[in-house]
Each structure stands twice: as structure tokens, then as C-alpha cells.
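*Asks:* Below is the structure I would like to discuss, written out as C-alpha cells.
The values are calculated or read from the model by the stated rules, or taken from the named source; none is laboratory data. All of these numbers come straight from a predicted model, not from anything done at the bench. Here Cβ is always computed from backbone atoms with ideal geometry, including for glycine, and neighbour counts include all displayed protein chains. Ligands, DNA and RNA are excluded from the accessible area calculation, which covers all protein heavy atoms including side chains. Shrake-Rupley method; radii C 1.70, N 1.55, O 1.52, S 1.80 Å.
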Amino acid sequence: KNKKKPYKNFLIYKKKMKDRRVVLRRHCPFSTRKNSFKKVKTPGNKIKIQYLDKKISKVVCAESKKKLNGISSPQSLGFMRLCKRKKKISRIYGGHLSGNSTKERIIKSFLLDEKKFPGFT
């Protein structure tokens, strides 16, 4: 009368989900950061893999954690080959602190100097 077949839903699911196993295209079989990939379906309904690039972090200020302008993002060999002016900015704490953080440090040190010698004008 109105009996449910126990495996009917499983068979439908199995038809939709074909074999999801993929073959790595590179030699390294381990799950490393360099070896990350995503599965992509081709027009011929096959599943292949696309290797993903590593995400490269931007250079940030040590105090405010904001991105430093004027500095290209460091990549392993590319950054090493850049000339000096592209790696840092020509001021105190050049490629380390942002402009605002540098300004605050200078003002703070100046005010501390003024406190040390109150009678000296």
C-alpha cells in the first residue's frame, strides 16, 4: 500500500554524486600549504583539480596593524630581488611603522624630553 523503499533516496543521491576522487597532478602527495587545490568540473563532466596560489600577506605597521602604503607585498624571491627603495620608505622606522605611528613616537619623545628639563627654555 504506501510502503517506503528504504534505499530509494540513497540511489538518487548516488546518481547525483559521482565519484569525487581526484588524481594529483604534481609529484608531492602530501597536504602541504603549497599543495592546496580545489575541485573543478570540466565541460566533459569530469572532475579535475586546480592548484591554488599561496596567499601573500601585506606589510603591516607594528603598532596599528594597518597596511603600509608604498611597499610591495613580500614574496620569497621577488621581494629579495627588489631594489632598496621599493622595500622600505625613506624615513625613520621606514618599512616598519606607518606615518601616524612615527609621528606619535616623535611627539611622545619630544614631550618626555621637555619634562626632564622644565626650567630650561
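*Asks:* Solvent-accessible area of Ser98, probe 1.4 Å, all protein chains present, reported in Å² to the nearest ten, please.
*Replies:* Result for Ser98: roughly 20 Å² accessible.
*Asks:* What residues qualify as long-range amide H neighbours of Val60, i.e. H under 5 Å apart, gap of 5 or more or another chain, H built at 1.01 Å from N?
*Replies:* Residues meeting the criterion, in which the H sits 1.01 Å from N, are Leu68.
*Asks:* A follow-up question, please. What FRET efficiency, computed as 1/(1 + (r/R0)^6) with R0 = 22 Å and r the Cβ-Cβ distance, is obtained for Lys48 and Gln75, rounded to the nearest 0.05? Working shown, then result.
*Replies:* Numbers: r = 27 Å, r/R0 = 1.22.
Given R0 = 22 Å and the Cβ-Cβ separation, E is 0.25.
*Asks:* OK, next. Around Gly99, what is the net charge, scoring Lys/Arg as +1 and Asp/Glu as -1 over all other residues with Cβ under 14 Å from its Cβ?
*Replies:* Details: positive: Lys66, Lys67, Lys88, Arg91, Lys103, Arg105; negative: Glu63, Glu104.
Summing Lys and Arg as +1 and Asp and Glu as -1 gives +4.
*Asks:* Could you list which residues have their amide H under 5 Å from that of Phe37, counting only those 5 or more apart in sequence or on another chain, with H placed in the peptide plane?
*Replies:* Result for Phe37 returns Leu52.
*Asks:* Among the listed pairs Lys34/Lys87; Lys39/Lys66; Lys38/Lys67; Lys55/Lys86; Lys58/Lys108; Lys41/Lys88, which are separated by more than 32 Å between their Cα atoms? Present the calculation step by step, with values, prior to reporting the outcome.
*Replies:* Working: Lys34/Lys87 25 Å; Lys39/Lys66 34 Å; Lys38/Lys67 29 Å; Lys55/Lys86 20 Å; Lys58/Lys108 28 Å; Lys41/Lys88 43 Å.
From Lys34/Lys87; Lys39/Lys66; Lys38/Lys67; Lys55/Lys86; Lys58/Lys108; Lys41/Lys88, over 32 Å: Lys39/Lys66; Lys41/Lys88.
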